[in-house]
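The block underneath contains the structure these notes are about, expressed in structure tokens.
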Amino acid sequence: MKTYGSQSMAAPLRRVLMRSARSAMRHARPEEWHYGPGFDPEKAALQHDEFARLVAASGAVIEWLTDADDGLADSVFTHDPSLVTDQGAVILSMGKALREPEPALHEAAYERLGVPVLGRIEAPGQVEGGDCVWVDATTLAVGRGVRTNQEGIRQLAALLEPKGISVHGFDLPLWQGEDACLHLQSVISPLAENLALVHAPLLPAAFYQMLRERGIALVHGDPEEFHASHGLSLNVLATAPRQLIAVAGFPKTAAAMEAAGCKVQTFEADALCIACEGGPTCLTRPVLRG
């Protein structure tokens, strides 16, 4: 039976890599990690527990990363240090210096779980998983910005294109500066194979055109909620087509998704997601979908 493979962002989530906020964030200093004033490690841990409960209730098996007291606060955002394809995992290279040790945690986990490593992004290349969006099973869009560079995209294309996957790079705006985190997934969340939630003003124009050409319908998130949440209202995890987990507190964006035929579950995440610039998708690294 297949145990890995994920070239979709909306097919049913079967197996996922996560890390407990209780271990990762217990000693985090907000000023060091660029966390906001709402960060509270105990509250973040409780909110992460609730999120994990929703993920497990969807039917996905959670594979937990280490509980070691290693001080890697951002490692709770498991989406970024690796990418899983039908042929195996790609170990990525982080654009945020404090996160440089994290890909090794993922490589060790894949060895334990029996997931082959297809390749690695090597310095000076940088690619973070939050910049990678599966448009379809053979098309990967990658945002080029402060966390992912052209050399990283070149290396990723060299690994994936022989496997039949086309890789397309798109330039991202600076938006709130180098210390803030604008990934490509900050402005798009796939909700089903032909449906996506977007914040159109920050979408790369060529990527917007690709989505329209591929017949992908776009749900537009509420712009005031997008700015109030620093983009986290748009970060939505599909556990299956139109079955979604989102951050609580953004009713207009939730209503827009529901009007498109989606079921939206929410969890309180002010101390975990809003304060720390990472949403439900960021908290998961899909290992198996489909």
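For the range 62-69, the criterion of being over 15 Å from the mean Cα position of the chain (by Cα) and over 24 Å from residue 114 (Cα atoms) is met by at least one residue. Taking residue 169 as the residue in question, decide whether it is surrounded by 19 or more Cβ atoms within 10 Å (Cβ to Cβ), in contact with a strand residue (DSSP E or B) (Cβ under 6 Å, 6 or more places away or on another chain) and assigned to a helix (DSSP H, G or I). No: the conditions fail for residue 169. The set of residues in the range 9-20 that are crowded, with 20+ Cβ neighbours inside 10 Å and touching a Phe, Trp or Tyr at 6+ places or on another chain (Cβ under 9 Å) comprises 9, 10, 15, 17, 18, 19.
For the range 241-265, filtering for residues that are within 19 Å of the chain's Cα centre (by Cα) and either part of a strand (DSSP E or B) or among the acidic types (Asp, Glu) (or both) leaves 7. Only one of the numbered conditions (1) touching a Gly at 6+ places or on another chain (Cβ under 7 Å); (2) crowded, with 21+ Cβ neighbours inside 10 Å; (3) within 17 Å of residue 12 (Cβ to Cβ); (4) of a type outside the set (A, V, I, L, M, F, W, C) is not met by residue 280, and that is (1). Scanning the range 140-166 for residues that are of a type in the set (A, V, I, L, M), in a loop (DSSP other than H, G, I, E, B) and either over 16 Å from residue 129 (Cα atoms) or modelled with pLDDT of 95 or more (or both) gives a single hit, 165. Take residue 263 and tell me if it is without any contact (Cβ under 8 Å) to a residue 60 or more places away in the chain, surrounded by fewer than 20 Cβ atoms within 10 Å (Cβ to Cβ) and touching a helix residue (DSSP H, G or I) at 6+ places or on another chain (Cβ under 6 Å). The answer is no for residue 263.
Assess whether residue 54 counts as being surrounded by fewer than 19 Cβ atoms within 10 Å (Cβ to Cβ) and modelled with pLDDT of 95 or more. Here the answer is yes, as residue 54 does meet what is asked. Summed over the range 259-277, the residues that are of a type outside the set (A, V, I, L, M, F, W, C) and touching a strand residue (DSSP E or B) at 6+ places or on another chain (Cβ under 6 Å) give a count of 3. Screening the range 108-139 for residues that are polar (S, T, N, Q) and in a loop (DSSP other than H, G, I, E, B) and picking the one that is surrounded by the most Cβ atoms within 10 Å (Cβ to Cβ) gives 126. The residue that is modelled with the highest pLDDT, among those in the range 175-206 that are farther than 27 Å from residue 251 by Cα and under 19 Å from the mean Cα position of the chain (by Cα), is 178.
Inspect all residues belonging to the range 53-71 and state whether any of them is among the charged types (D, E, K, R) and under 25 Å from residue 266 (Cβ atoms). Looking through the range 53-71, at least one residue is among the charged types (D, E, K, R) and under 25 Å from residue 266 (Cβ atoms). Within the range 97-112, residues that are more than 15 Å from residue 64 (Cα to Cα) reach no partner that is of a type in the set (S, T, N, Q) and modelled with pLDDT under 95 with beta carbons closer than 6 Å at six or more positions or on different chains. Note on the range 1-52: residues that are of a type in the set (Lys, Arg) and touching a helix residue (DSSP H, G or I) at 6+ places or on another chain (Cβ under 8 Å) amount to 4. Residues satisfying the criterion are absent from the range 157-170 (criterion: in contact (Cβ under 8 Å) with a residue 12 or more places away in the chain, in contact with a His (Cβ under 9 Å, 6 or more places away or on another chain) and not hydrophobic (A, V, I, L, M, F, W, C)).
Somewhere in the range 79-93, is a residue modelled with pLDDT under 95, surrounded by fewer than 21 Cβ atoms within 10 Å (Cβ to Cβ) and not in a loop (DSSP other than H, G, I, E, B)? No, because not a single residue in the range 79-93 is modelled with pLDDT under 95, surrounded by fewer than 21 Cβ atoms within 10 Å (Cβ to Cβ) and not in a loop (DSSP other than H, G, I, E, B).
The values are calculated or read from the model by the stated rules, or taken from the named source; none is laboratory data. Just so it is clear, the model here is predicted, and its values are computed rather than measured. FYI the Cβ positions are ideal-geometry reconstructions off the backbone, even for glycines, and counts take in every protein chain you see.
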